[in-house]
Amino acid sequence: MAKIETPRPIRGTQDIFGPEAETFAYVVETFERIRKLYRFRRIEMPVFEKTEVFSRSLGETTDVVAKEMYSFEDRGGESLTLRPEFTAGIARAYLTGGWQQYAPLKVATHGPLFRYERPQKGRYRQFHQIDAEIIGAAEPQADVELLAMADHLLKELGIAAGVTLQLNTLGDADSREAWRAALVSYFQAFRAELSEESQDRLERNPLRILDSKDPRDKPFVADAPKIDDYLSGEAQAYFSQVCEGLKAAGVAWTRAPALVRGLDYYRHTAFEFVTDRLGAQGTVLGGGRYDGLIETLGGAHTPAVGWAAGIERLAMLVDGTAEEPLAVVLVVEDDARINEAIAAQQALRREGISAELIATGSPRKRYDKAVKRAPGAIVSLQHDGGHRLSGDDETDPRISQILALYR
RNA sequence: GCGAUUGUAGCUCAGUUGGUUAGAGCGCCGGUUUGUGGUACCGGAGGUCGCGGGUUCGAACCCCGUCAAUCGCCCCA
């Protein structure tokens, strides 16, 4: 048989193993615990949807739709897309699954997402997020609850130090539009002095100029019109209720007037938990209120707010989570005793004591292998029919009891 | 799509101004030590030096191309 060249993994995918996989699981388990505490209901979502689920909601940002999504045709010629985010799919399910009856609905999920991007630190083509949404709640308390949960989660994960909550409001639809118009006319005046990217953004996505990294843009950004001057009374009241609620909940935050969302369906609250420990990819958890989204999918006007966080990025901030220590290693020094060892091993495991068996390779080396596993106790089954148990004083007394049964 | 950096054993890395059969540690396999908590000794297997081309008497090393990884730009729903 001709030997083939081993297929390479797909760019931007990862095989997660060992301590990293443990940390990944730790993040998910912690999220599950917190989400139950806040009474968010678990949902499971399909990994792919009709392309329009995502393209409709993304609207005019054609770059994203055309270049950043994993889209393909199925055998029936229908365009499908691997989900690049949770929110649009959840909004679709809310409409097609009759979930309106549960409104206001608090839901949470996690799993893989796919974006066709060049991988870099903390950014992969298949990546994983945890996600929480409140659908059908228009009041600022919903924003507060979601933010409090996020803050709580980061603290439980032990990564809150060095992470700050940046908070902004985009106002209601009118406020947002007025601000946007003011930004466009402001930047238009300096057009030629802006970076090429920002000149481009002026047409496509003017709000994005505010978080340009180009030093040529920074001086103009500093003096750009502020959203606060364009907020309607209602929008202002909404934002201050969110701020007051966060204060009551004991959640610290800083105002980030340049924090924006590019898509039109975002309203009011926008937020990101940011760290400086992850290089250029500093956002650890982000979200906001998307009151306009569900309408773009053909539903009734439905207020909603949510956030998502990259599991990989959270895991990078968590101090290494070690694999659970191994309780017992059984060393078979006499091959005739292998079945005796298997029986004892299973008995230990049924008692909830983790156990491994070493019975391969040079008999002389087996004990050394056991030592390297760093178990709580080593049991060697010897040629004379007896066994020797070594371990420290904390060794589980059940071990001796169980072994006695399998002499 | 663009830029920078890096590709040598399963892993982490040496490898001199270009010079004979390309090295170490760890891991793996075997032997010695009859061992009681990661640490000893001896030996073995394992390498198209990312891939292709070029320069040269001679290339892991220099040049061109290509692929991949990492980090950054763009984008960030």
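The values are calculated or read from the model by the stated rules, or taken from the named source; none is laboratory data. Note that the structure is predicted; figures quoted are calculated from it, not measured. With ideal geometry, Cβ positions are generated from the backbone for all residues, glycine too; neighbour counts draw on all protein chains shown. The protein model used for the area step is the full one, side chains on, heavy atoms only, and it has no ligands, DNA or RNA in it. Shrake-Rupley method; radii C 1.70, N 1.55, O 1.52, S 1.80 Å.
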Just the accessible area per residue of chain A, please: how many Å² with a 1.4 Å probe?
-> 51
Cα-based count: Lys pairs in chain A below 24 Å, eight or more positions apart or different chains?
-> 14
Sorted by chain and then number, the residues having a modelled amide H within less than 5 Å of the amide H of A:Arg41, at least 5 places away or on another chain, are A:Lys106, A:Val107, A:Ala108
With the dipole of the range A:273-345 defined by +1 on each Lys or Arg Cβ and -1 on each Asp or Glu Cβ, the option from A:Leu330, A:Ala300, A:Leu314 whose Cα lies farthest towards the positive pole is A:Ala300
Only Lys, Arg, Asp and Glu count, each charged at its Cβ (+1, +1, -1, -1), so figure out the dipole size of the range A:328-405 about its Cα centre, rounded to 20 debye.
-> 280
List every residue whose amide H lies under 5 Å from the amide H of A:His128, counting only residues 5 or more places away in sequence or on a different chain, with H placed 1.01 Å from N in the peptide plane.
-> A:Leu113, A:Ile311, A:Glu312
On the protein heavy atoms, probe 1.4 angstrom, tell me the percent of accessible surface of chain A carried by carbon and sulfur.
-> 51
In degrees, nearest 10, the alpha-carbon axis of helix A:233-249 is tilted away from the dominant principal axis of the alpha carbons of chain A by 30
With the dipole of the range A:328-405 worked out from charges on the C-beta (+1 for Lys and Arg, -1 for Asp and Glu) around the Cα centre, which of A:Gln346, A:Pro397, A:His387 lies farthest toward the positive end?
-> A:Gln346
The long-range amide H neighbours of A:Met69, using H built 1.01 Å from N in the peptide plane and a cut-off of under 5 Å, are A:Tyr116
Karplus ³J(HN,Hα) for the range A:170-180 (6.51 cos²θ - 1.76 cosθ + 1.60, θ = phi - 60°; Hz, whole; x = Gly/Pro) runs 9, x, 7, 4, 5, 4, 4, 5, 5, 5, 4
What is the Rg over Rh value, at two decimals, for chain A, using alpha-carbon atoms and the Kirkwood definition of Rh?
-> 1.11
Can you work out ³J(HN,Hα) from phi for every residue in the range A:218-227, in order, using Karplus 6.51 cos²θ - 1.76 cosθ + 1.60 and θ = phi - 60°, giving whole Hz and x for Gly and Pro?
-> 3, x, 6, 4, 4, 9, 5, x, 9, 4
Charged-residue dipole, Cβ positions (Lys, Arg, Asp, Glu), chain A about Cα centre, Debye nearest 20 | 780
